[in-house]
Structures are given as structure tokens and as C-alpha cells.
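Working notes, structure below.
The values are calculated or read from the model by the stated rules, or taken from the named source; none is laboratory data. Small disclaimer: the values here were computed from a predicted structure and weren't measured. Ideal geometry is used to build each Cβ from the backbone, glycine not excepted, and the neighbour counts take in all protein chains shown. For accessibility, only protein heavy atoms count, side chains too; no ligands or nucleic acids. Shrake-Rupley method; radii C 1.70, N 1.55, O 1.52, S 1.80 Å.
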Amino acid sequence: MMQYARSLVFIVFMYALMLAMGVALAPMAAWSRQGAWWALHRYTDIVLWAARRLCGLRVEVRGRVPTEDVIVASKHQSFMDILILTNVLPRPRFVMKRSLRWTPILGFYAMRVGCAPVDREAGARAVRDMVARMRAAAADSGQTVIFPQGTRLAPGAKAPYKPGVAALAMALRQPVVPASTNCGLFWPRRGLLRRAGVATLEFHDPLPAGLPKRELLARLEEVIEAGSARLEAEARAQLEGR
């Protein structure tokens, strides 16, 4: 029960901070895209610090954090992996679901840094729109983040790798950095509980630009799924060892 209470305090703090910082720093974010990134980095610094202090939930980032212009194709298990990616990448911009565009505070900052809202029901048109938006955003240096399975998945759940990441890689002609995580075991998709432990996000070696679609999707799935399974096994050992 104590961990639930700590988790509830943390969640209230996180959203109250989002409102306070989002409003206070909006003029700076509106003035420049760099200001918006600065605000996002400071917000995620504080949220991850609060998760550690209130819930005992720490973060470990493995591998080389990409700082050049690349596509990051990441496993997506919870809001925590978004926080980590936003925190450690210098200039991240996400492919995100369209409804988030209209979310107060979050939507403003997402659009300000060049995120691409995607209508998941629009099929091929959604991919074309995403590519067009990200090609325009790529004129400003940064890291394009896409979740190649298209949605959050519980640890161990399976879903196909969608062709959007391959279309993006072909359009931007950039290397693709796979990323694995076990965040969903500590910060689940639904529910209040934030479990104590070390949540990990791992960047793998980049895949070169120009790979054929099928080869890129196959290699991404192999690397990301194997990495996530290994990290999830480590997390379960932590949780079962208490």
C-alpha cells in the first residue's frame, strides 16, 4: 500500500509540474525551438528525479546515445520510455498519434519541436503525411523517434513491425538506431503503481541508411525484441528478488 501511495503522489506531482512548467516556459518555447527542447529536458530531469525519490524507480541508459541526425526506432511499453528518450536525446521529435496534438501543454510542445501527428486509421495516407512532416522537420538537425510497432505494448506482447519506419528511413536517408526497454515492468501502460527498481533503455548499434524495406524491418525486429526480452528478464529478476 505504501508504494501505491508514493505512486499516487508522484503522478499528481508529475502532472502538476507539467501544467506549471508548461505555462511558465511557453513564451520561451514559442520564441524558439531550442527553447522548447530546453523546457522538455528540464521537465524530464525533474520527473525522473521525482520517480527516483518518491517511488525508488531509477533509470539506466545503455549504449551510445545518438547525438547526430538519425532515426531512433524504439520499443514502446509506457510513458516512461518517452520521458527517457526525451531526456537523453539532444533534439528529439516523435512520430505520435494524432489525438495527442490537441492535448493541453503536451500538444503545444510536441508541435513546437517538430513532432508528426499520425492518424492510425488513415493507412497509406498516414505514412505519406508522416514522411512529409518529418522530411520538413529534418531541415532542422535532430533525432527522429518512431515506435515501429505503432503503439504501446505490455512486456512480452507481440505485434508486427509496421512499414512506416522503413518509409521514413528511405525518405530521410539516415541510419536507424534500434532501442530496447523494460520500462513497462516498472511503469505499466495502465494503473497507478510505479514499482521500485532500475528501468533500462538500451541503444543498439545503428543500422546503415539505404537498407531494403524487408531487411530493415527484419533486423529491427530481431535486435529490438531480443534486447527487450533480455532487459525484461533482468527486470523480473530484480522484482522477484525482493
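Pick from segment 177-198 the residues that are of a type in the set (A, V, I, L, M, F, W, C) and closer than 21 Å to Lys158 by Cβ: which of them is surrounded by the fewest Cβ atoms within 10 Å (Cβ to Cβ)?
Per the criteria, the residue is Trp187.
Enumerate the pairs (first residue in segment 96-110 and free of Cβ contacts under 8 Å to residues at least 12 places away in the same chain; second residue anywhere and part of a helix (DSSP H, G or I)) with beta-carbon separation below 7 Å, excluding pairs fewer than 6 apart on the same chain, so at least 6 apart or on different chains.
Close Cβ pairs (under 7 Å, with a partner that is part of a helix (DSSP H, G or I)) amount to Gly107/Leu100; Gly107/Arg101.
Among the residues that make up segment 115-135, is at least one of them touching a residue at least 60 places away in the same chain (Cβ under 8 Å), in a loop (DSSP other than H, G, I, E, B) and open to solvent by 30 Å² or more (accessible area, probe 1.4 Å)?
There is no residue in segment 115-135 that is touching a residue at least 60 places away in the same chain (Cβ under 8 Å), in a loop (DSSP other than H, G, I, E, B) and open to solvent by 30 Å² or more (accessible area, probe 1.4 Å).
Can you name every residue in segment 28-39 that is open to solvent by 90 Å² or more (accessible area, probe 1.4 Å) and more than 20 Å from Leu89 (Cα to Cα)?
Trp31, the sole residue that qualifies.
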